[in-house]
Amino acid sequence: MSLCPLCQQTSLSVFHQDNVRAYQRCDNCSLVSVAAAFRLSVIDERAIYDQHQNDPDDQHYRQFLARAINPLFERIEPDVEGLDFGCGPGPTISVMAAELGIKTHNYDLYYFNDPELLSRQYDFVTMTEVIEHVAEALPLLQTLDSLLKPGAILVVMTKRVISEAAFSTWHYKQDLTHINFYSIETFEWIAAKFNWTLEVIGADVVFLTKPLVAEVNCYT
């Protein structure tokens, strides 16, 4: 029996079917996910990522990222230290942060895979257009929680599910590396699960802030 990649429950319902893939929605946490049978192999996934042309000198790309990171930079001090989780082949957030005197490390499973960076904690973690690519949603969030200092901010940029009707014509699902799709309800579930504070910044950006006083999280 299939389990939800996020809450690990069996409460999955048919959400949508197109001519390429089938999608299921969890009645518990509202995550919409692609059935495992339709996921790409690691080799095919990497081949698509290798085609990405992200470049810190690309002003349009900077403007895109600014929707997520400018609100972050407005509320943190220059002496903090962050991590760009899933920075891709052309790290840009770290460059933009450095221009403001903010130190940001780059981590990416394929392009900057330094496991030591995952053994530390940070004042902020950015994850722009990443979360929708990761199949194992719960382990990912557990890792992110371990990376956040008390009071730290997790910045998530991903386009959100609104309804099945909108999903049926949504360009975002056409990218075959996009396999988990989040809604406001899903982020509310995540915030409650990890005792984070959720703040909706924009149409595709949320901030999740870890409490200053650590509490025991239950991952079951």
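From its DSSP helices (H runs of at least four residues, each -39,500 (n - 2.57)), the chain gives a residue-normalised ellipticity at 222 nm of -7500 deg cm²/dmol. Relative to the longest principal axis of the Cα atoms of the chain, the long axis of helix 137-147 makes an angle of roughly 10 degrees.
Straight-line cross-link reach from K210 at under 23 Å between alpha-carbon atoms covers these lysines, not counting any fewer than eight positions away in the same chain: K103, K149, K159, K193. In order along region 182-197, the phi-based Karplus estimate (6.51 cos²θ - 1.76 cosθ + 1.60, θ = phi - 60°) of 3J(HN,Hα) comes to 10, 10, 4, 4, 5, 5, 5, 5, 4, 4, 5, 4, 9, 6, 9, 9 Hz; Gly and Pro are listed as x. Hey, if you drop one equal point scatterer on each alpha-carbon of region 1-124 and run the Debye formula without solvent, what base-10 log of I(q)/I(0) do you get at q = 0.11, 0.13, 0.21, 0.22 Å⁻¹? Each listed q maps to, in turn, -0.57, -0.77, -1.11, -1.13.
Once the C-beta distance of I43 and T197 is scaled by a Förster radius of 35 Å, the resulting FRET efficiency is 0.35 to the nearest 0.05. Applied to region 113-129, the Karplus parametrisation 6.51 cos²θ - 1.76 cosθ + 1.60 on θ = phi - 60° returns per-residue 3J(HN,Hα) values of 8, 10, x, 4, 5, 8, 9, 10, 10, 9, 7, 7, 10, 9, 9, 9, 6 Hz, with x for Gly and Pro. Residues whose amide H comes within less than 5 Å of that of I201, counting only those at least five positions distant or on another chain, are V206, F207 (H built at 1.01 Å from N in the peptide plane). A full extension of the chain between I162 and V95 corresponds to an added length of 20.8 nm, given 0.36 nm per residue minus the alpha carbon distance. Probing with 1.4 Å while keeping every protein chain in the model, the per residue accessible area of the chain equals 48 Å².
Only the Cβ atoms of Lys and Arg (+1) and of Asp and Glu (-1) were treated as charged; on that basis the dipole of the chain about its Cα centre amounts to roughly 500 debye. Derived from the Cα gyration tensor, the three semi-axes of the equivalent ellipsoid of region 129-174 are 27, 12, 8 Å, largest first. Karplus-derived 3J(HN,Hα) values for region 92-105, using 6.51 cos²θ - 1.76 cosθ + 1.60 with θ = phi - 60°, are 10, 4, 5, 5, 5, 5, 4, 5, 9, x, 9, 7, 9, 8 Hz; glycine and proline are entered as x. Of all segments of the chain bounded by GluC sites (Glu not before Pro) found in a DSSP loop with no more than 11 other C-beta atoms within 10 Å, the longest spans 100-214.
The values are calculated or read from the model by the stated rules, or taken from the named source; none is laboratory data. Everything quoted here is computed from the prediction, not taken from an experiment. Note: ideal-geometry Cβ built from the backbone for every residue, glycine included; neighbour counts use all protein chains shown. The protein model used for the area step is the full one, side chains on, heavy atoms only, and it has no ligands, DNA or RNA in it. Shrake-Rupley method; radii C 1.70, N 1.55, O 1.52, S 1.80 Å.
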